[in-house]
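Reviewing the structure listed below.
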Amino acid sequence: MIWDVLDRKAWHGYKGESMKIVEVKEYRLRYPVQEKFANSRLWNTSRSAEVIEIVTDSGITGWGEGSGGLKGGTVEHCLIGHSPFDVETIWHDLFEHGESPRAISGVDIGLWDILGKALEKPVWQLLGGKVRDRIPAYASGLFRKDREDVTRTLVDEAKGYVDQGFRAVKMKVGFGETYDVTNVAAVRDAIGSDILFAVDANCGYDVGTAIDVGLKMAENDLFWYEEPTVTDDVEGYLEIKRALPMRIAGAEALTGRWAFRRLIQERALDIVQPDISIAGGFTECRKVATMADVNRVRVLPHMWGGHIRLAATVHWQATIPDWPWVLNSIPSLFEYDMTENGLRTELVKNPIQAVDGEVSVPDAPGLGIEIDREVLEQYVV
């Protein structure tokens, strides 16, 4: 773990513990997409990211991505002059001063990036070690497009993902029974029976409708049904789980371990999907994962954002074992966002990419990515 590495460094005169944070910069980024696309809740016309840059007096800089900006005053009180190694203390200080886990996420990721660079270790090693060098990925796309032949558009897109080597895909639903049932059947027929197929309603239905539509979609051998209804309806999720044959997933928008507690303890989900840039960064997501583990709930992180979020998710997910621990265990599938987003494809000089349906885990120190500052400045709003 991280402190064992630090102790070994100390024997050789390492001065990392005296390192201090001297500056924190926030960047709000926006990337306009060329073609709008929809989930059940809205049409997406742009992509955004809240990026944090943390500068230390040693010259080491850490990068993080959250889902909200910091409030005035907390940077000076909780960060400036503090050691970046104090990740737990800083997390709780920020929270006690009114910061949300959405904002703390970016700071926490940036701190872990600094730790890795200072100790010359990738973040996954500081988290306890990776259990895989490559993570099987699923193509997360198949949003609704504003086109005349929606079904043909979805079928062609899904076939393209299979041709790229993906062995699993996820499609957006929640647009009504006719749209969902017709298009899910068409996509399943196009990709064949060997591809894992998940659907995501983005909380688009009430419980009754989620069950009705889910029963009809179930004929297409769905691996999971994501966010069929609003996430805080624990009783509703339990009712949906009892009624449907496929796995139920969700909780991508929850913040802090407390929000996950009841869903996990009552096993209202088969798969819990914390987002590292929403739930609270590495520090908090590890606690959510432990809670899920002791309650036998599967953790498959959510990832839909910029490249810093992608890199952080890769490092965290590299440490999550396949489950159950048997020869034919279900793989820890990585969500690889396939939608248009320059904040994912352009922001770093050495992007982490899916090749033949797998994502390689970086070995470079910290997050293992190099920010392109020209691109960063280009998309600042």
Could we say that Leu154 is farther than 17 Å from Ala311 by Cβ, in the same structural domain as Pro362 (by TED's automatic domain parsing) and outside any strand (DSSP E or B) here? yes
Of the criteria (1) over 19 Å from Ser105 (Cα atoms); (2) part of a helix (DSSP H, G or I), which one Arg296 fails: (2)
Any residue that is aliphatic (A, V, I, L, M), buried (at least 24 other Cβ atoms within 10 Å of the Cβ) and over 19 Å from Ala137 (Cα atoms) - is there at least one of those in the range 304-319? no
Does at least one position in the range 244-266 carry a residue that is buried (at least 19 other Cβ atoms within 10 Å of the Cβ) and under 20 Å from Asp113 (Cβ atoms)? no
So, of the residues in the range 337-372 that are in a strand (DSSP E or B) and either within 17 Å of the chain's Cα centre (by Cα) or without any contact (Cβ under 8 Å) to a residue 60 or more places away in the chain (or both), which turns out to be nearest to Lys145 (Cα to Cα)? Asp337
For the range 20-120, list the strands (runs of 3 or more DSSP E) that sit wholly inside it and hold at least 1 residues that are in the same structural domain as Asp180 (by TED's automatic domain parsing) and in contact (Cβ under 8 Å) with a residue 24 or more places away in the chain; which are they? none
Can you pull out the residues in the range 277-322 that are at positive phi, at pLDDT 95 or above and basic (Lys, Arg)? none
Could you please give the count of residues in the range 141-157 that are out of contact with any strand residue (DSSP E or B) (no Cβ under 6 Å at 6 or more places or on another chain) and within 19 Å of Tyr336 (Cα to Cα)? 5
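The values are calculated or read from the model by the stated rules, or taken from the named source; none is laboratory data. Everything numeric here is computed off the predicted structure, so don't read it as measured data. Note that each Cβ is placed from the backbone with ideal geometry, even for glycine, and that neighbours are counted across all protein chains shown.
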